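K.L.:
Just passing along the structure, written as structure tokens.
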């Protein structure tokens with residue numbers, strides 16, 4: 001089956017525009033659920049001997065809120081998983097308050113403390129700033145690399161595709177309400193590498209096709225190149241997708257945000273490499289006379 005990309009540019013980019021708009025709405029109106037890595041505070045992961053429900057935990061914490069203001073309903077976040085595992089996030093507590101709180105938590109039932117983390121608010125802000133810098137520097141280096149290897153318009157197309165992938169992945173996490181932590185940043189950076197690799201494969205084939213004699217117009221070269229690498233892109237993405245799904249199913253709650261970000265990123269990245277990056281190159285070149293484009297050689 002041959003896919004006609006260039007003649008259906010508006011359709012492919014329209015699909016992307018709709019999905020990106022939904023993701024942006026989620027980001028703007030729901031926002032990201034920042035974890036203590038960014039906001040500062042305490043995190044306790046406990047494993048009760050008996051199963052407890054979210055209502056039971058919240059009811060008990062409401063009773064303790066008069067003693068520990070940090071566990072007030074408006075300040076805390078509670079997550080209950082199977083097997084009696086409960087994760088409680090609170091604003092920053094002193095060491096004395098933390099120890100007293102953990103002792104009083106026995107009133108809900110015997111438990112084992114599996115994890116206890118504390119991050120100061122200042123450290124959280126530094127992590128957030130560092131994460132933004134990492135993404136900006138990564139994007140700038142990608143533009144430089146593609147400009148040197150291809151042309152600047154290819155770099156513009158690649159960055160457009162990357163922004164498309166990041167917005168969709170981050171927007172999905174916002175809509176799902178998953179906690180954003182440092183592994184989430186690692187997932188976004190991983191996504192940058194994965195997506196740009198797939199895009200460069202497509203760009204490389206376009207350049208090879210253009211260099212051949214009688215290869216046709218740029219639009220014809222793009223369509224021919226995309227169809228040549230389509231099987232490779234689908235097979236690579238499908239293999240990655242299956243591995244990510246397996247980790248999502250069996251990896252546990254601690255990897256949920258990281259893997260879910262990659263899952264949406266793989267899907268968005270596969271689509272954008274073919275149906276966003278290449279059409280953008282075509283649109284940037286469209287104003288020029290479409291003959292055999294020797295200047296791309």
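The values are calculated or read from the model by the stated rules, or taken from the named source; none is laboratory data. These numbers were taken from a predicted model, which means no experiment stands behind them. Neighbour counts are summed over all protein chains in view; Cβ atoms, including those assigned to glycine, are modelled from backbone coordinates with ideal geometry.
K.L.:
Kindly list the number of the only condition in (1) in contact with a strand residue (DSSP E or B) (Cβ under 7 Å, 6 or more places away or on another chain); (2) at pLDDT 85 or above; (3) part of a helix (DSSP H, G or I); (4) surrounded by 19 or more Cβ atoms within 10 Å (Cβ to Cβ) that fails for residue 58.
P.N.:
Condition not satisfied by residue 58: (4).
K.L.:
Check off (1) more than 25 Å from the chain's Cα centre (by Cα); (2) over 22 Å from residue 240 (Cβ atoms) for residue 156 and give me the number that stays unchecked.
P.N.:
All conditions pass for residue 156, except number (1).
K.L.:
If you don't mind, there's one more thing I want to ask. Count, please, the residues in the range 168-182 that happen to be surrounded by fewer than 20 Cβ atoms within 10 Å (Cβ to Cβ), modelled with pLDDT of 85 or more and in a helix (DSSP H, G or I).
P.N.:
Number of matching residues: 2.
K.L.:
Restricting attention to the range 63-77, which residues are in contact (Cβ under 8 Å) with a residue 24 or more places away in the chain and either buried (at least 17 other Cβ atoms within 10 Å of the Cβ) or not assigned by TED's automatic domain parsing to the domain that holds residue 52 (or both)?
P.N.:
Within the range 63-77, 64, 68, 70, 71 qualify.
K.L.:
Another question about this same structure. For residue 241, which of the numbered conditions (1) farther than 20 Å from residue 167 by Cα; (2) surrounded by fewer than 20 Cβ atoms within 10 Å (Cβ to Cβ) fails to hold?
P.N.:
Every condition holds for residue 241 apart from (1).
K.L.:
Can I ask one more? Residue 81 versus (1) touching a residue at least 60 places away in the same chain (Cβ under 8 Å); (2) over 20 Å from residue 114 (Cα atoms): which is the lone unmet condition?
P.N.:
(2)
K.L.:
Taking residue 84 as meeting all but one of (1) touching a strand residue (DSSP E or B) at 6+ places or on another chain (Cβ under 9 Å); (2) crowded, with 16+ Cβ neighbours inside 10 Å; (3) on the phi < 0 side of the Ramachandran plot, write down the number of the exception.
P.N.:
Failed condition: (3).
K.L.:
Out of the residues in the range 118-130 meeting the condition of being modelled with pLDDT of 75 or more and either within 24 Å of the chain's Cα centre (by Cα) or exposed (fewer than 11 other Cβ atoms within 10 Å of the Cβ) (or both), tell me which one is nearest to residue 87 (Cα to Cα).
P.N.:
Of everything passing the filter in the range 118-130, 126 is nearest to residue 87 (Cα to Cα).
K.L.:
Shifting gears a bit: Tell me, which residue of the range 38-55 that is surrounded by fewer than 15 Cβ atoms within 10 Å (Cβ to Cβ) and either in a helix (DSSP H, G or I) or not assigned by TED's automatic domain parsing to the domain that holds residue 113 (or both) is farthest from the chain's Cα centre (by Cα)?
P.N.:
Restricting to residues being surrounded by fewer than 15 Cβ atoms within 10 Å (Cβ to Cβ) and either in a helix (DSSP H, G or I) or not assigned by TED's automatic domain parsing to the domain that holds residue 113 (or both), the top hit is 55.
K.L.:
A further question on this structure: Taking the options 272, 278, name whichever one is at pLDDT below 90, in contact with a helix residue (DSSP H, G or I) (Cβ under 7 Å, 6 or more places away or on another chain) and closer than 22 Å to residue 16 by Cα.
P.N.:
278
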